[in-house]
Amino acid sequence: MTETLPALKPLSEAPEIDFAALDNSPDSHAVLRDLRARAPVARTPMGIVLALRHHHLDLVTSDATRQIETETKMMQGIFDGPIFEFISAVMLFANGDVHLRRRMPVSRAFAFKLMDAMRPVARQMTEELITPHLDGAPVEFVSQFAAQLPARIIADILGIPRSDLPVFLQWIADTAEAIGFIEPERRPKIEASLVAFGAYVAELIKERRAHPREDFITEYLANTARDETLSEMEIQSQVVGLILAGSDTTRGSMGMTLAHMLTRRDQWDAFCADPDGLKKAVIDEGLRFDPVISGLPRIAVQDLEIDGYLIPGGTPVAVSILSSLRDPAVYADPDRFDITRTDHPRWHPVFGAGAHRCVGEALARAEMEEALATLARLAPNAELVGDFPKLAPGAIRQISPMSVAFKR
Ligand code: HEM
């Protein structure tokens, strides 16, 4: 039964924001700051409610909302085919028991210990990738480093040979779009790559079932075998999903954090003087200041209240990560990038909240912290050359190219 809520303001009284206005603004943080000052929520012409404050993360953990399933694909006219099948099979777009059955075998195998063991690997891979560029000649950091590291690490975890890396990187580039908004003309290419990628992972699974090893896939498969309700498509899709969810996110976060650090020389110098002591603080602040995840979209399953506004059941609600990470109720002087701030909440909102909170957080942190600390150690005189990178609008905000001159 739906509770009767006390006199609440209708959504029509909330300010309206066109996503295009947010997207086209040179400073989306300023647009959100203005909105936050006017009301706790905003609405878009498409009927989506944006929840703007940090404490709205509670909406994601509440029973009054649920995760979006295939609705956003159907809204884009995608009702079948490889993209639809993939979205229908991954943990991210599932609810309740279905979500739990898909997530548990992964999260058990993705144990913290395994992720911590990746730290020396991330350090070594960073050295390998950067050492050839220490001559000070500008290098395009995103493609030459930030895209390479997460792909190499996940390939290592999955036991994929180095020789397969180029094709693996191409599949990641083609299929990452499957999660977000799909340009109709890109659909055939994304689907073809998704099919090839799926077949490759299916082969990997087959091989590991025949020849078990002491590794992530073997343990993951043993976990799925204990609960025999997962289909082969589900088993395979979680592996593809992991690879995709961990690629653009880690790439963009590393790039933006490095760019912010290199343009604040005092903070960069402090980091170079104590890379291990400060690596966590640097990543925490980089993830807060320019998050690659714009929001957490959900659907209200019943009428609910957000700070005095009535949100009717059935309304799509997106908790704006972009806005909540600059909420002055939590972060002092939120528009200042400061690696010495002490007001980060224990659970960083950029990794979400509740049942769907990022399963790869420990790996993402291990990669990013070790990569940036290694760069600080190897190239304290590094400089950003040319334009500051930008994050494009979207569910996962894609980083633009950025040139860095690495110098010892
Ligand atoms: C800076 C890097 C990363 C950020 C900011 C990030 C952020 C997030 C967020 C916000 C969610 C929840 C989405 C929602 O509730 O709607 C999520 C889920 C997820 N992430 Fe990450 N992520 C990162 C890296 C990774 C990595 C490295 C992996 C794995 C290799 C990964 C795998 C996943 C998976 C599988 C889910 C779905 C979890 C579920 O639905 O239960 N992520 N991530």
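How about the range 193-247: which of its residues are of a type outside the set (S, T, N, Q), in contact (Cβ under 8 Å) with a residue 12 or more places away in the chain and not in a helix (DSSP H, G or I)? Within the range 193-247, Arg213, Asp215, Asp227, Leu230, Gly246 qualify. Taken together, Pro150, Pro188 contain a single residue that is in a helix (DSSP H, G or I) and under 16 Å from Ala245 (Cβ atoms), which is Pro150. Restricting to the range 129-144, name every residue that is β-branched (Val, Ile, Thr), under 23 Å from Asp248 (Cα atoms) and part of a helix (DSSP H, G or I). Result: Ile130, Val142.
Before we move on, is Ser403 crowded, with 20+ Cβ neighbours inside 10 Å and among the polar types (S, T, N, Q)? For Ser403, the condition - crowded, with 20+ Cβ neighbours inside 10 Å and among the polar types (S, T, N, Q) - is not met. Condition check for Ala30 on (1) touching a residue at least 24 places away in the same chain (Cβ under 8 Å); (2) surrounded by fewer than 17 Cβ atoms within 10 Å (Cβ to Cβ): one failure, at (1).
Restricting the range 74-99 to residues that are within 15 Å of the ligand (Cβ to nearest atom) and within 15 Å of Pro316 (Cβ to Cβ), which is surrounded by the most Cβ atoms within 10 Å (Cβ to Cβ)? Result: Phe93. For the range 314-365, the set of residues classified as small (Gly, Ala, Ser), in contact (Cβ under 8 Å) with a residue 60 or more places away in the chain, out of contact with any Ser or Thr (no Cβ under 6 Å at 6 or more places or on another chain) and more than 28 Å from Pro120 (Cα to Cα) consists of Ala318, Ser320, Ser323, Ser324, Ala329, Ala355, listed by residue number.
Considering each residue of the range 334-349 in turn, none proves to be at negative phi, exposed (fewer than 15 other Cβ atoms within 10 Å of the Cβ), touching a Pro at 6+ places or on another chain (Cβ under 7 Å) and modelled with pLDDT of 95 or more. Screening the candidates Ala373, Ala364 for the property of being crowded, with 16+ Cβ neighbours inside 10 Å and either under 18 Å from the mean Cα position of the chain (by Cα) or not small (Gly, Ala, Ser) (or both) yields one hit, Ala364.
For the range 301-322, residues that are closer than 17 Å to Ala14 by Cα, within 16 Å of the ligand (Cβ to nearest atom) and touching a Pro at 6+ places or on another chain (Cβ under 9 Å) total 4. The residues listed here are Ala178, Ala173; of these, the one that is under 22 Å from the mean Cα position of the chain (by Cα), surrounded by 20 or more Cβ atoms within 10 Å (Cβ to Cβ) and among the hydrophobic types (A, V, I, L, M, F, W, C) is Ala178. Where residues in the range 323-333 are touching a Pro at 6+ places or on another chain (Cβ under 8 Å) and charged (D, E, K, R), which of them is farthest from His54 (Cα to Cα)? If we take residues in the range 323-333 being touching a Pro at 6+ places or on another chain (Cβ under 8 Å) and charged (D, E, K, R), then Arg326 is farthest from His54 (Cα to Cα).
The values are calculated or read from the model by the stated rules, or taken from the named source; none is laboratory data. Here the structure is a predicted model, which is why all the values come from computation and not from measurement. Every residue, glycine among them, receives a Cβ derived from its backbone with ideal geometry; neighbour counts consider all protein chains shown.
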